[in-house]
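**Q** My questions will all concern the structure given below.
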Amino acid sequence: MATLLIKHISILATMDGQRREIPDGALFIRDGFIEQVGPTTELPATADEVLNLSGHLVLPGLVNTHHHFYQTLTRAVPAAQDANLFNWLKTLYPIWAGLTPEDIYTSTQTALAELALSGGTTASDHLYIYPNGARLDDEIAAARELGLRLHASRGSMSLGESQGGLPPDRVTEAEDFILKESQRLIEEYHDPNPGALTRVVLAPCSPFSVTPDLMRQTAILARQYGVQLHTHLAETEDEEQFCLDQFGHRPVAFMESLGWVGPDVWFAHSVHVNEAEIGVYAHTGCGVAHCPSSNMRLASGIAPILKMTAAGVNVGLGVDGSASNDGSHLLAEARQAMLLARLGAGVSGASLSGADAPPLMTARQALEIATRGGAAVLGRTDIGALEPGTCADFFALDLNALEFAGGLHDPLAAAVFCQPVKAAYTVVGGRFIVKHGQLTTVDLPTLIEKHNAAAHRLVADL
């Protein structure tokens, strides 16, 4: 079995149970899994491949718990730049109706390239629109070529405008087909084993785009196969009002009525939840994908993340769609989460000084959400930390880079406060996806050219 030694790491931030930060640290990796972690002097001196990372900070690979890869093709579309969620969606649905299988493939690789270059090693994507023969298979194939771990969510929309839903009828699917396709994808691609590169998630899009019956049937199917469930929830006040008008419940209570709570469920956003609903999440084990940039971009609000983590809710980080964030920089999203939580503390009305000062999210808390938190949300114990038995998923930042100048008083905090631009190395299962700051698995200039041509065609065709 192949071995890899990463030695003389200036600071190795393990995010393990003790949250160890090891100076002159080292990792010894065998066949894609970490075998030993500790000071360089205590680990083997040789391996099949040896890399000296003196002058670098190494952290566990970041985990992205909510994305829409295809939206890289519709960034900064003028008509959607200044809209809230519902109007933003209505503007973009007709453009997304032109997506092709090749568009799904290209946009997947574009989004994953951005994530890898910003320290991401695992991503959950929510693909819920399948026009012109597009399938989730296109995304899975693209991710396997690029090399990041993928939780591929088979999203769906079945409640069109004619039935009182938000999306146009032409981008919805029949519910029998959705369920059959969901079963096929699980049987063909889902890998429940430690170190899995591909897992399948079932993910009806939202309360305003699918029927209650599809939600119930999807939950039954997912639990028959032991796969996770995911959807958007409590993102905006518009959604809250829709649920009250249509179902007589606030969004969280509506999910409870459908059997959509438990440790196998996580929700994107959860901006508009009260303390009782946070208690439901904590009691039942539901996770949350926090998407701060998207929530700011669409003026959705500030999610009460510190209240959730204090209650014991598993919270991960999500860059969300690249048309409601306009980027896929996962480390920058950790910084955004920290800053937005601090803004939320300020607007809560409490004094920011003195004994009654509300807690402020720290840089280390933000990084924990982006690593261990994301792993917990995705139901994985094999990623999110660097300790024996976990996957060899990590990234390295060059402490000699311009962004760290003057920030080395606390390099780990500087990884959030100082907004590093690019990972020097990103490794997934012992495989170098980024090396010396460059992608190793795809030709980036060719990918960008292909992606831009597809984006131009989509909008031009409208």
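Where a number appears in this text, it was derived from the coordinates with a stated rule and is not lab data. Here the structure is a predicted model, which means the values were calculated and not measured. Here the Cβ positions follow ideal geometry from the backbone for every residue, glycine too, while neighbour counts run over all protein chains shown.
**Q** Between A357 and T100, what is 0.36 nm times their sequence separation minus the Cα-Cα distance? Round to one decimal in nm.
**A** 87.3 nm
**Q** Work out how far the C-alpha atoms of the range 4-99 reach from end to end along every principal axis, then list the three figures in whole Å, largest first.
**A** 59, 27, 24
**Q** Shifting gears a bit: Could you give me the ³J(HN,Hα) list for the range 65-73, computed from phi with Karplus coefficients 6.51, -1.76, 1.60 and θ = phi - 60°, whole Hz, x at Gly and Pro?
**A** 9, 7, 7, 9, 4, 4, 6, 4, 7
**Q** In terms of Cα to Cα distance under 19 Å, which lysines are near enough to K90, apart from those fewer than 8 places away along the same chain?
**A** none
**Q** Something else about it: Considering the dipole of the chain built from charges on the beta carbon (Lys and Arg +1, Asp and Glu -1) around the Cα centre, which of G119, S293, A454 is farthest to its positive end?
**A** With unit charges placed on the Cβ atoms, the residue in question is G119.
**Q** Taking 25 °C and 0.890 mPa s as the conditions, I'd like the Stokes-Einstein D for the chain in µm²/s, using the Kirkwood hydrodynamic radius from alpha carbon pairs.
**A** 110 µm²/s
**Q** Also, quick follow-up: Suppose every Lys and Arg Cβ carries +1 and every Asp and Glu Cβ carries -1, with no other charges. What dipole size does the chain come out with about its Cα centre, to the nearest 20 debye?
**A** Charge dipole of the chain: 520 debye, to the nearest 20.
**Q** How would you rank 404-414, 317-327, 295-305, highest first, on the average number of other Cβ atoms within 10 Å across their residues?
**A** 317-327, 295-305, 404-414
**Q** Right, something else. For the range 269-348 and the range 165-197, what is the separation of their C-alpha centers, rounded to whole Å?
**A** That distance is 26 Å.
**Q** Read phi for every residue in the range 108-124 and hand back ³J(HN,Hα) as whole Hz from Karplus 6.51 cos²θ - 1.76 cosθ + 1.60, θ = phi - 60°, with x for Gly and Pro.
**A** 4, 5, 5, 5, 5, 4, 4, 4, 4, 6, 10, x, x, 10, 9, 9, 9
**Q** I need the calculated FRET efficiency for the pair Q419 and A76, taking r as the beta carbon distance and R₀ as 30 Å, to the nearest 0.05.
**A** The computed FRET efficiency comes out at 0.90.
**Q** Taking H as built 1.01 Å from N, whose amide H comes closer than 5 Å to the amide H of T211, not counting residues under 5 places away?
**A** S158, L159
**Q** Straight-line reach only, C-alpha to C-alpha below 25 angstrom: list the lysines that K422 could link to, leaving out same-chain residues fewer than 8 apart.
**A** Here the lysines satisfying the reach criterion relative to K422 are K7, K435, K450.
**Q** Straight-line reach from K307: which aspartates and glutamates have a Cα under 15 Å away, not including same-chain ones fewer than 8 places off?
**A** Partners within reach: E275, E277.
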